[in-house]
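J.: Can you keep this structure in mind? I'll have questions shortly.
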Amino acid sequence: MFGKWIGSGLGWTLGGPIGALAGFVLGTLFDLSDKTKDNTLQGGMTTTPNDYMFSLLVLVSSVLNADGKIMKSELNYVKEFFKVNFGPEGAQNALRILQDLTKQKIPVTDVCLQIKNYMDYPSRLQLIHFLFGIALSDGEMHPDELKLIRLISTNLGLTPADYTSIEAMMIPKTDWAYDVLELTPSSTDEEVKKAYRRMAIKYHPDKVSYLGEEIQQAANEKFKKVNEAYQLISKERNL
């Protein structure tokens, strides 16, 4: 049921390197051979929620394998995420697909370039946020996981400042609030206020509303962190 459902909702992910992976892991459920032979994708295609979910599964599989071991806590995090989106049965089937993907060598650079070409920027920002959550679900960030997420971010076309902002949300450190707002401690009060307005717009959950209510709710975590960072700086400066 899940295979038929996700297959019918896949668009641009049925071509290119992601399509080849989809054909492998979903081929027993339905025939993708005709759609995955041609790696030439047609322009103007929009991202469906299922395109997004399958792209996420592909990237998750590469991150899970980054440190050479897959922790139960990581799989539970993924399971809970898909349970919220698709219910218990959908979550179980998503994990089955993920298990098949983890057995494959993921061409990370090619996959990211395909995503970059067909997915809007706010949705790519959310992908990185999800990957951090999964990597940190076991209570620590392995250096190899962090290195891979940075590589994925670069290949997805995220700016260094946007990557640093999301990393600061997930791995707090000294001056993390300034990193979230893409500032430095030497920034003026006016620059802080302008940055807050700019980042609040950039990370507003409505940017990914077309992907469904659950993704929109998950995106709200970034929005909350922007507000938290601004409140912290405002308190320090008595703004």
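J.: Could you say whether any residue in the stretch 178-199 is under 30 Å from M53 (Cα atoms) and either at pLDDT below 90 or among the small types (G, A, S) (or both)?
T.: Within the stretch 178-199, not a single residue is under 30 Å from M53 (Cα atoms) and either at pLDDT below 90 or among the small types (G, A, S) (or both).
J.: Which one of these is in the same structural domain as L14 (by TED's automatic domain parsing) and more than 17 Å from the chain's Cα centre (by Cα): P185, P88?
T.: P88
J.: Here is a further query. Looking for something within 20 Å of L26 (Cβ to Cβ), in a helix (DSSP H, G or I) and of a type in the set (D, E, K, R) - is there at least one such residue anywhere in the stretch 99-119?
T.: yes
J.: All but one of (1) more than 13 Å from the chain's Cα centre (by Cα); (2) in contact (Cβ under 8 Å) with a residue 24 or more places away in the chain; (3) closer than 18 Å to L127 by Cα hold for M53; which doesn't?
T.: That leaves (1) as the condition not met.
J.: With respect to M199, determine if the residue is touching a Leu at 6+ places or on another chain (Cβ under 8 Å) and assigned to a helix (DSSP H, G or I).
T.: yes
J.: All but one of (1) crowded, with 18+ Cβ neighbours inside 10 Å; (2) of a type in the set (V, I, T); (3) in a helix (DSSP H, G or I) hold for T47; which doesn't?
T.: T47 satisfies all of (1) crowded, with 18+ Cβ neighbours inside 10 Å; (2) of a type in the set (V, I, T); (3) in a helix (DSSP H, G or I) except (3).
J.: Within the stretch 132-144, which residues are among the aliphatic types (A, V, I, L, M) and more than 12 Å from F81 (Cα to Cα)? Give the derivation first.
T.: Going through the stretch 132-144, the residues among the aliphatic types (A, V, I, L, M) turn out to be 134-136, 141.
Residues satisfying the conditions are A135, L136, M141.
J.: May I pose another question? Working only within the stretch 109-145, note down all residues that are surrounded by fewer than 19 Cβ atoms within 10 Å (Cβ to Cβ), in contact with a helix residue (DSSP H, G or I) (Cβ under 8 Å, 6 or more places away or on another chain) and without any contact (Cβ under 8 Å) to a residue 60 or more places away in the chain.
T.: T109, L113, K116, G133, L136, M141, listed by residue number.
J.: Continuing with the same structure: Got a number for residues in the stretch 169-193 being farther than 30 Å from T46 by Cβ and either among the hydrophobic types (A, V, I, L, M, F, W, C) or surrounded by 19 or more Cβ atoms within 10 Å (Cβ to Cβ) (or both)?
T.: Residues meeting the conditions: 8.
J.: Search the stretch 209-239 for residues being crowded, with 20+ Cβ neighbours inside 10 Å and under 23 Å from the mean Cα position of the chain (by Cα), and hand back the single one that is nearest to M119 (Cα to Cα).
T.: L211
J.: Ok, one more. As an exercise: evaluate Y196 against (1) free of Cβ contacts under 8 Å to residues at least 60 places away in the same chain; (2) surrounded by fewer than 21 Cβ atoms within 10 Å (Cβ to Cβ); (3) farther than 17 Å from L136 by Cβ and give the number of the one condition it does not meet.
T.: (2)
J.: If only one of K173, K222, K193, K207 is in a loop (DSSP other than H, G, I, E, B) and of a type in the set (D, E, K, R), which one is it? Break it down into steps so the answer makes sense when it comes.
T.: Details: K222 fails: in a loop (DSSP other than H, G, I, E, B); K193 fails: in a loop (DSSP other than H, G, I, E, B); K207 fails: in a loop (DSSP other than H, G, I, E, B).
From the options K173, K222, K193, K207, the qualifying one is K173.
The values are calculated or read from the model by the stated rules, or taken from the named source; none is laboratory data. Worth saying up front: this structure is predicted, and the values here are computed from it rather than measured. Methodologically, a virtual Cβ is constructed for each residue, glycine included, from the backbone with ideal geometry; neighbour enumeration extends over all protein chains shown.
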